[in-house]
Amino acid sequence: ADIKKYALEKIQLAKDLENTVLQLQNTLQQKTLVLEENIQVKTQLEENKKESARSYDDLIRAVAHSFKNKISPLKQDFFNLFKFLRKIYGEQAVLDLAKFVRKPSPSEPTEDVDTYERLCNRIDKQLEVLPKIFNDFQVLLKDTLESKTIDLNVYFEEIKGSFGGSNYRIDIIPTEKPLLVKLDVDAFRSVIENLINNAVTHGFKENSRFYEIAFILSEEEMINGDKQVKILYKDNGVGFPENYDMSKYKTFGDKSVFSKGSGIGGYVVSKIVSLHNGKIALLPVSKADQFRTQIQILLPLHT
């Protein structure tokens, strides 16, 4: 009886030990899974952190590149102007802005050589561009909008007057009834500025030609019955290269190989549109269409 009792106690002890081992095993497995998940989360966080750092590094380099492109020729223009001013100051001469910066060669067209008036005008234009780059950089740091309800027809007509040039015109095609949207008016102005400046800088290549820009506003119904606002931008400049798609346009630094810019503009435009819960698309254009660049922006209609 004592042996049987002893054996039963040992069997129970073995069972208890087995259960304890199983519990420990389960606990260990759970802790291992938690640890693996934590490692994965930590690794992902580190990757996100590195990716974010790389993104900001790329962004900073893109902005710096954009400033360098604008400031380098500006410095050269100022150098030429100051050189001229020092020269005439010593001679007590009267400043003649129609005078050439340098004497044209016999075979050189005079329009290819700057006068000081042209030089000053170019400096003015370059100085106008620099604040826009600052504004683009500030927009890139935005994560929220200061939106208010506006009529898009009125908004476009109001800001139209602040744009325009000697070799192009801007047409606004409105809707018959109000087109209400929730808009951060200052941020969305950067969208319009970037579209127009891109056309003027990169699309309007021929000085002797007159160009057209159009913003066509409309309202359309989606499949689910909701309504949205469509802004169709068009210009009859040279257009984007055939291999240039929307993914490149929306990625800063990934610009057209033909562009001397930084590639920030498209990223700014796409980010602002996205912050407005909108969508942007570069539309395909037939060779017969004179408007070589067509970009569609969709925004939620405010009711």
For segment 213-227, pairs from a residue that is within 30 Å of G165 (Cβ to Cβ) to a residue that is of a type in the set (F, W, Y) and in a strand (DSSP E or B), with Cβ under 9 Å and 6 or more apart or across chains, are I213/Y168; I213/Y233; A214/Y233; F215/Y233; I216/Y233
Selection from segment 168-178 of residues assigned to a loop (DSSP other than H, G, I, E, B) and open to solvent by less than 40 Å² (accessible area, probe 1.4 Å) yields T175
Taking the conditions exactly as written (within 23 Å of D151 (Cα to Cα) and at pLDDT 90 or above), does L298 satisfy them or not? yes
Note: among V229, V200, V238, V181, just one is assigned to a helix (DSSP H, G or I) and among the aliphatic types (A, V, I, L, M), namely V200
The one condition E220 fails out of (1) surrounded by fewer than 16 Cβ atoms within 10 Å (Cβ to Cβ); (2) at pLDDT below 85 is (2)
Residues in segment 143-166 that are surrounded by fewer than 15 Cβ atoms within 10 Å (Cβ to Cβ), at pLDDT below 80 and over 30 Å from R209 (Cα atoms) total 2
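The values are calculated or read from the model by the stated rules, or taken from the named source; none is laboratory data. As the structure is a computational prediction, the values presented were derived from the model and not from experiment. When we count neighbours, we look across all protein chains shown, and the Cβ atoms used for this are built from the backbone with ideal geometry, even at glycine. Keep in mind that these areas ignore ligands, DNA and RNA; they rest on the heavy atoms of the full protein, side chains included. Shrake-Rupley method; radii C 1.70, N 1.55, O 1.52, S 1.80 Å.
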